[in-house]
1. Shape call for the chain from the C-alpha gyration tensor, a ≥ b ≥ c root eigenvalues: rounded (a/c under 1.5), prolate (a/b greater than b/c) or oblate?
2. Quickly estimate the mean residue ellipticity at 222 nm for the chain, helices only: each DSSP H run with n ≥ 4 gives -39500 (n - 2.57), and the total goes over all residues, rounded to 500.
3. Taking square-rooted eigenvalues a ≥ b ≥ c of the alpha carbon gyration tensor, is segment 134-199 rounded, prolate or oblate, where a/c under 1.5 means rounded and, failing that, a/b exceeding b/c means prolate?
4. By its C-alpha gyration tensor, with a ≥ b ≥ c as the square roots of the eigenvalues, how is segment 26-161 shaped: rounded for a/c under 1.5, else prolate for a/b larger than b/c, else oblate?
5. Tell me which lysines have Cα within less than 29 Å of Lys218's Cα, excluding those fewer than 8 residues away on the same chain?
6. Spin-label point model (7 Å from Cα, Cβ direction): what's the Lys277 to Ser176 distance in nm?
7. I'd like the trypsin sites (Lys or Arg not before Pro) in segment 18-86 restricted to DSSP loop residues with at most 16 other Cβ atoms within 10 Å, sorted by number.
8. Under a GNM of the chain (C-alpha, springs under 10 Å), which listed residue has the highest mean-square fluctuation: Thr117, Thr64, Thr172?
Amino acid sequence: MEKNTATGMIFNIQKFSINDGPGIRTVVFFKGCPLKCSWCANPESQQPQREIILDRQKCSGCHTCLKNCPHSAITAMENGIAIDTHRCSASNSCASCKICIEKCPSRALKAEGDIKTVDEVMRIVLQDEPFYEESGGGVTLSGGEAAMQPDFALALLKALRKKRIHTAIETTGFTSPAVFAKLLPYLDLLLFDIKHWDNRKHIEGTGVSHAVILKNMKTAIEQGKNVLPRLPVIPGYNDSLADAEGFVQRLQEVGAHRVQLLPFHQFGENKYHLLGKNYAFVHTPALHPEDLAAFQQVFLQHGIEAFF
């Protein structure tokens with residue numbers, strides 16, 4: 001059998017997922033995202049390169065990592081160590097050394113991101129093929145943003161299609177229409193995020209315009225694809241009733257008749273600490289469906305199915 005050696009940077013492969021498409025699924029998490037949302041639940045997904053993360057509770061302060069790093073990427077600080085991801089070979093080279101991880105006596109360091117071939121991913125995915133068949137499940141590409149690694153994503157989708165495995169993607173939609181058009185024929189379901197209805201606020205919250213996102217969403221819907229727009233509801237950013245009205249307008253413009261509301265949660269907070277990053281929502285209470293009853297009602301009043 002011909003080997004598929006196309007490679008991509010993956011930071012997790014999660015089995016037995018039931019929240020990322022129909023049935024029992026395996027979710028393949030791609031590293032790298034063009035959006036920089038401050039509420040992101042997977043901050044380790046944002047940078048396209050491998051990152052070394054530090055668990056400060058485990059760190060003994062022995063500085064073994066600092067002494068053994070061949071790239072002088074680790075610096076001693078008052079509260080522990082700091083890792084310069086731009087200098088670290090484990091972050092910017094496929095042939096990473098990971099010496100700091102191997103030498104750490106307290107196991108306080110960990111790599112986020114590994115180069116994998118399509119064949120390597122498929123070997124893991126196919127372990128659960130019977131569960132996909134029994135449950136109507138399959139494989140979901142997530143991230144990060146899979147479209148940031150289009151060649152690898154396309155090769156993986158083609159391999160899954162050959163095995164007749166249901167494919168889904170959790171996407172920001174922020175990719176060129178040309179790239180989007182290449183991936184679209186191999187996708188059975190698109191879980192399509194929409195962050196803000198107002199372009200100025202979208203840029204403010206994510207760093208990018210929503211113009212190409214809406215264009216790609218409309219293209220997928222017009223081509224008859226199964227598209228589920230999903231709206232992360234973020235306190236103080238897009239959670240007002242006026243925002244709900246704005247989202248209704250955008251959904252109508254692209255031809256969408258349903259939306260999944262994703263109430264803000266704090267599940268990713270600890271990851272920011274491990275990455276040495278500030279978390280903008282540290283004191284923001286999580287939202288629950290009952291908090292968004294009036295918000296949901298706006299969509300329903302306009303004939304758009306809105307659910308949690």
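Read-outs throughout are calculated quantities, based only on the coordinates presented, and are distinct from any laboratory measurement. Everything numeric here is computed off the predicted structure, so don't read it as measured data. Neighbour counts run over all protein chains shown; Cβ positions are idealised from the backbone, glycine included.
1. On the way: a/c = 2.05, a/b = 1.33, b/c = 1.54.
Taking the square roots of the gyration eigenvalues as a ≥ b ≥ c, the chain is oblate.
2. On the way: 12 runs with 99 residues, N = 308.
Calculated from helices alone, the mean residue ellipticity at 222 nm is -8500 deg cm²/dmol.
3. Numbers: a/c = 2.37, a/b = 1.48, b/c = 1.60.
Oblate, because a/c is 1.5 or more while a/b does not exceed b/c.
4. On the way: a/c = 2.26, a/b = 2.09, b/c = 1.08.
Prolate, because a/c is 1.5 or more and a/b exceeds b/c.
5. Partners within reach: Lys31, Lys36, Lys158, Lys162, Lys163, Lys182, Lys195, Lys201.
6. Each label point is offset 7 Å from its Cα along the Cβ direction, giving 2.6 nm.
7. Working: sites: Arg25, Lys31, Lys36, Arg50, Arg56, Lys58, Lys67; in loops: Lys31, Lys36, Arg50, Arg56, Lys58.
Counting only loop positions with at most 16 other Cβ atoms within 10 Å, the trypsin sites (Lys or Arg not before Pro) in segment 18-86 are Lys36, Arg56, Lys58.
8. Comparing Thr117, Thr64, Thr172 in a Gaussian network model of the chain, the most mobile one is Thr64.
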